[in-house]
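Colleague: Take a look at the following structure, please.
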Amino acid sequence: SMSTEKKSPTDFVKFIYGRPVIVKLYSGLVYKGVLTCLDGYMNVVLEQAEEYENDEFKSRYNDCFIRGNNVIYLAPND
């Protein structure tokens, strides 16, 4: 896991690439999956994604593209 030493946003992104993440949207939806792409607009691509609404499983996707302006936060999920 990440240590407490100072990290840049770039370090964080490198750390979470290829790892399980949680993406929360303004709509309240939550996606959990493996981060495969993240760009400067916070557009996110997940593989093996699961969609949750009010902590309830809704759907599963092989690949999932999430537009960055919908994202509240992106966090590691391990």
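The values are calculated or read from the model by the stated rules, or taken from the named source; none is laboratory data. Quick caveat: nothing in here was measured; it's all calculated off a predicted structure. Neighbour counts are summed over all protein chains in view; Cβ atoms, including those assigned to glycine, are modelled from backbone coordinates with ideal geometry. Surface accessibility is based on the protein's heavy atoms, side chains included, excluding ligands, DNA and RNA. Shrake-Rupley method; radii C 1.70, N 1.55, O 1.52, S 1.80 Å.
Colleague: Which pairs have Cβ atoms under 7 Å, sit 6 or more apart or on different chains, and link a residue in region 47-73 that is under 14 Å from residue 20 (Cα atoms) to one that is outside any strand (DSSP E or B)?
Modeller: Note: pairs meeting the criteria are 51/29.
Colleague: What are the residue pairs meeting all of these: first residue in region 6-28, first residue without any contact (Cβ under 8 Å) to a residue 12 or more places away in the chain, second residue not polar (S, T, N, Q), Cβ atoms under 6 Å, and 6 or more apart or on different chains?
Modeller: As it stands, the answer is none, since no pair meets every condition given.
Colleague: Right, something else. Within region 14-38, take every residue that is more than 8 Å from the chain's Cα centre (by Cα) and open to solvent by less than 20 Å² (accessible area, probe 1.4 Å) and give me the one that is nearest to residue 65 (Cα to Cα).
Modeller: Across region 14-38, the extreme among qualifying residues is 25.
Colleague: What's the total number of residues in region 34-44 that are modelled with pLDDT of 95 or more and either under 14 Å from residue 73 (Cα atoms) or assigned to a loop (DSSP other than H, G, I, E, B) (or both)?
Modeller: The number of residues fulfilling the criteria is 3.
Colleague: Related question: Take residue 41 and decide whether it is open to solvent by 40 Å² or more (accessible area, probe 1.4 Å), in contact (Cβ under 8 Å) with a residue 40 or more places away in the chain, out of contact with any Phe, Trp or Tyr (no Cβ under 9 Å at 6 or more places or on another chain) and not acidic (Asp, Glu).
Modeller: For residue 41, the condition - open to solvent by 40 Å² or more (accessible area, probe 1.4 Å), in contact (Cβ under 8 Å) with a residue 40 or more places away in the chain, out of contact with any Phe, Trp or Tyr (no Cβ under 9 Å at 6 or more places or on another chain) and not acidic (Asp, Glu) - is not met.
Colleague: Right, here's the next one. Being more than 17 Å from residue 50 (Cα to Cα) and not β-branched (Val, Ile, Thr) is the filter here, so list the residues in region 8-25 that pass it.
Modeller: 8, 9, 11, 12, 14, 15, 17
Colleague: Quick one: which residue in 61, 52 is crowded, with 16+ Cβ neighbours inside 10 Å, at pLDDT 95 or above, in a strand (DSSP E or B) and among the hydroxyl-bearing types (Ser, Thr, Tyr)?
Modeller: Of the residues listed, the single one that is crowded, with 16+ Cβ neighbours inside 10 Å, at pLDDT 95 or above, in a strand (DSSP E or B) and among the hydroxyl-bearing types (Ser, Thr, Tyr) is 52.
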